[in-house]
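Remarks on the structure that follows.
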Amino acid sequence: MSLSAKDKDTVKVFWAKVADKVEEVGSDALSRMLAVYPQTKTYFSHWKDLSPGSAPVNKHGKTVMLGVGQAVACIDDLNAGLLTLSELHAFTLRVDPANFKILSHCLLVVLSIKFPNDFTPEVHVSLDKFLAALSRALSEKYR
Amino acid sequence: MTQYTLQAHRPSNRCLWEGRRVALKVASGAGDLQTCTGKPRDSKMVEWTDFERATIVDIFSKMQYEVVGPAALARCLVVYPWTQRYFGNFGNLYNAAAISGNPMVAKHGTTILHGLDRAVKNMDDIKATYAELSVLHSEKLHVDPDNFKLLSDCLTIVVAAQLGKDFTGEVQAAFQKFLAVVVSALGRQYH
């Protein structure tokens, strides 16, 4: 299920629309993940405030989305482009890779809400494939 | 020479379910096993908060079945093309446009959504409500139960687009919990 040329174009075009709402989208996706999948809160026990729209959630949402943006930029070689991030997740953060799927789903829900006309089934499938490929690249260094 | 004997394991009066040492009381008559807190427990029941019940009823009362159903099924067939295996007689599913415009897809999408009505009306016993449908999907339709999750993800996304800002994190949690219970019930009679 690798990314076709069409998938890559679709992702790049769509992500250009998301680019200026990166903090909003990231914060919403993260908030949703914490609400819908409470087990994910275990990774953030060091935060004072886990509520939607709180400072740490906003800041981290933006960080994560900038990471996704970085992946869009290196979409032709995700493994190479995300090497440092993969090492970070593997050796320092040690986030169980199952959670990448969870966050990806929450991100798709947010995109569906904020871009109801642009998030067509064709865009959805390309983005779903892209996020799966991103998750795989991020898990590269785990073992 | 020292003889080693095996010490018989003495069972303590440990409440197996709560892990605390209490005397297990078996209520007379009904024979219901009580938990340590004294509340009768029906291991089958899913517990719904008032918010969750109200949210599910609200979402479905406002839902346009003929819009949401077709959109969700079409999206599933596009995003997870292997699900098309179950719809060999639906005609043209060649590309996204064909799928989205296919009248059989639309009709079936609506049917599926109306099927969810039963769960909404019987939230306290979805498992029993769907026993027959589960047998149907397993024995007659031979649907891999993993597909139920794929469709429910697509349904979540379509409903999110419909409700917009109103589809908050809490609403999403309630909706996904409901769909998870439905998916579990539908997979129950597979063997």
TODO: Would you be so kind as to list the residues of region A:90-135 that have their accessible area lowered by at least 30 Å² in the full protein complex compared with their chain by itself (1.4 Å probe)?
DONE: A:105, A:109, A:112, A:113, A:121, A:122, A:124, A:125, A:128
Task: Table column - 3J(HN,Hα) (Hz), region A:93-102, Karplus curve with 6.51, -1.76, 1.60, x for Gly and Pro - done: 6, 6, 6, 4, x, 4, 6, 5, 5, 4
TODO: Find the accessible area per residue for the protein assembly as shown; the probe is 1.4 Å, ligands and nucleic acids are left out, and the unit is Å².
DONE: 58
Task: Proximal lysines to residue B:165, defined as alpha-carbon separation beneath 16 angstrom and excluding residues fewer than eight positions away on the same chain - done: A:21, A:114, B:62
Open item on the list: Would you calculate the convex hull of the Cα atoms in region A:34-96 and tell me its volume per residue in Å³?
Closed with: 99
Open item on the list: What is the ratio of the Cα radius of gyration of the protein assembly as shown to 2.2 N^0.38 Å, with N the residue count, to two decimals?
Closed with: 1.18
Task: Residue-averaged [θ]222 nm for chain A, counting only DSSP H segments that reach four residues, each worth -39500 (n - 2.57) - done: -20500 deg cm²/dmol
Open item on the list: If Rh is defined by the Kirkwood formula over all Cα pairs and Rg also comes from Cα, what ratio Rg/Rh do you get for region B:123-172?
Closed with: 1.11
- [ ] Enumerate the lysines that residue A:141 could reach by cross-link, defined here as Cα to Cα under 27 Å, with residues fewer than 8 away along the same chain left out.
- [x] A:8, A:12, A:41, A:59, A:62, A:101, A:129
Task: Interface size B-A, as summed buried accessible area [1.4 Å probe, Å², nearest 100] - done: 1600
Task: Translational D in µm²/s for chain A (Stokes-Einstein at 25 °C, 0.890 mPa s, Kirkwood Rh from C-alpha pairs) - done: 160
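The values are calculated or read from the model by the stated rules, or taken from the named source; none is laboratory data. This structure is a prediction, so every number in the text was calculated from the model and none was measured. Quick note on the areas: whole protein, heavy atoms, side chains included, nothing else; ligands and nucleic acids left out. Shrake-Rupley method; radii C 1.70, N 1.55, O 1.52, S 1.80 Å.
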